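For reference, the structure is listed below as structure tokens.
No value in this document is a laboratory result; all are computed from the given coordinates. On a predicted model such as this, the values are computed, not experimentally measured, just so you know. Here the Cβ positions follow ideal geometry from the backbone for every residue, glycine too, while neighbour counts run over all protein chains shown.
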Amino acid sequence: MVACSSSDDNPGGGNNGDGYNRGALLINMADNIIIPAFQDLDAKLEALKSSKNTFIAAPNQVNLGEVRTAWLEAYKVWQYVEMFNIGKAEAITYAFQMNVYPTSTQDIEANVASGSYDLEHPNNNDAVGFPALDYMLFGVDVDDAAILTKYADAKYATYLSDLVDQMKSLTSIVLSDWNTTYRDEFVNSTDNTATSALNKFTNDYVFYFEKGLRANKIGIPAGNFSATPLPEKVEGLYSDVYSKTLSLEALKAAEQLFQGEAYLTNAKGESFKTYLEFLKREDLVSTLNTRFVEADAKLQVLNDSFYDQVNTDNTKMTQAYDALQKIVVLLKVDMLQAFNISVDYVDADGD
């Protein structure tokens with residue numbers, strides 16, 4: 001009777017027929033992981049905005065260093081929210097506005113030259129966000145002295161400013177939605193349907209791990225999907241030494257979410273892990289824990305610059321990809337089957 005009751009009859013519970021309290025999982029995800037991560041990103045982008053304003057007012061080496069540091073700190077936090085492509089983030093195509101790489105330097109330079117652009121237009125998805133800032137702060141000219149000279153031109157200063165302001169504005173919109181209406185909608189949408197929050201959220205998590213982490217950060221640059229490696233497609237191309245840092249943060253974020261660890265405090269609550277344990281799938285939990293450790297080890301041995309890693313010893317990149325792929329199969333096939341959740345996206349990877 002309890003297992004078969006509707007979500008209306010079992011507030012905060014769920015309607016999956018297995019007796020697990022899906023609502024408790026969603027509450028932990030929303031209150032202890034998702035919202036705190038967005039709050040931190042919003043704060044980091046506010047700090048980036050402040051350092052950007054200081055740099056534009058006085059474009060010198062010290063202020064350039066400060067804005068670069070603020071960019072990196074925000075970019076690291078971004079790795080913890082990119083997977084949350086649900087609610088307002090999905091509606092405004094937030095991820096496409098924040099982290100499409102490689103960035104198009106041609107589009108950026110054309111926007112700067114014209115001084116007239118709509119940064120939210122889909123045609124500018126590859127000319128905005130963290131990758132565009134990577135170019136503007138590290139790659140817009142041959143060295144720091146030349147970069148500083150660029151910012152004597154008001155058009156470059158304006159474009160840099162507009163990029164940061166847009167990122168802060170979009171993030172505030174998403175956070176506000178979570179803090180006002182979407183949080184309650186999210187935690188109460190527990191049924192096992194294609195449009196329920198838990199089903200969509202779980203699919204988004206698996207999709208991000210497969211595409212955003214495994215493919216985009218590792219597989220595409222390493223050439224797993226092409227005839228030859230494509231080192232120019234790494235994340236953090238122009239800063240050059242942060243590809244590994246960002247990938248490690250992304251893997252840590254994915255593992256912590258699986259474990260149900262609260263953002264920053266690491267206190268544990270209901271999660272994919274506890275759901276599997278409830279279903280007596282300790283074997284799958286154990287294997288996933290092992291695979292996360294193995295994948296981290298493969299990333300740890302890579303060069304700080306994935307561009308250099310691909311060009312000097314790409315085998316280590318493909319080994320990291322293989323380690324991540326083992327996790328993809330466990331999440332996408334074994335975990336989703338255990339939860340009785342259908343995959344809601346299509347790919348041609350042959351999983």
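Laid out as a table, the results:
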| read-out | value |
| --- | --- |
| Total residues in segment 87-135, condition small (G, A, S) and more than 15 Å from Y238 (Cα to Cα) | 9 |
| Of all residues in segment 18-68 being of a type outside the set (S, T, N, Q) and assigned to a loop (DSSP other than H, G, I, E, B), the one that is surrounded by the fewest Cβ atoms within 10 Å (Cβ to Cβ) | A58 |
| A146 surrounded by 18 or more Cβ atoms within 10 Å (Cβ to Cβ), over 23 Å from the mean Cα position of the chain (by Cα) and either in contact (Cβ under 8 Å) with a residue 40 or more places away in the chain or farther than 25 Å from Q97 by Cβ (or both) | no |
| Unique residue being touching a Ser or Thr at 6+ places or on another chain (Cβ under 8 Å) and either assigned to a helix (DSSP H, G or I) or under 30 Å from M136 (Cβ atoms) (or both) when the list is E255, E235 | E235 |
| Selection from segment 262-275 of residues that are surrounded by 20 or more Cβ atoms within 10 Å (Cβ to Cβ) and farther than 25 Å from Y321 by Cα | Y263, E270, S271, Y275 |
| Residues (surrounded by 13 or more Cβ atoms within 10 Å (Cβ to Cβ) and part of a helix (DSSP H, G or I)) located in segment 99-109 | T105, D107, I108, E109 |
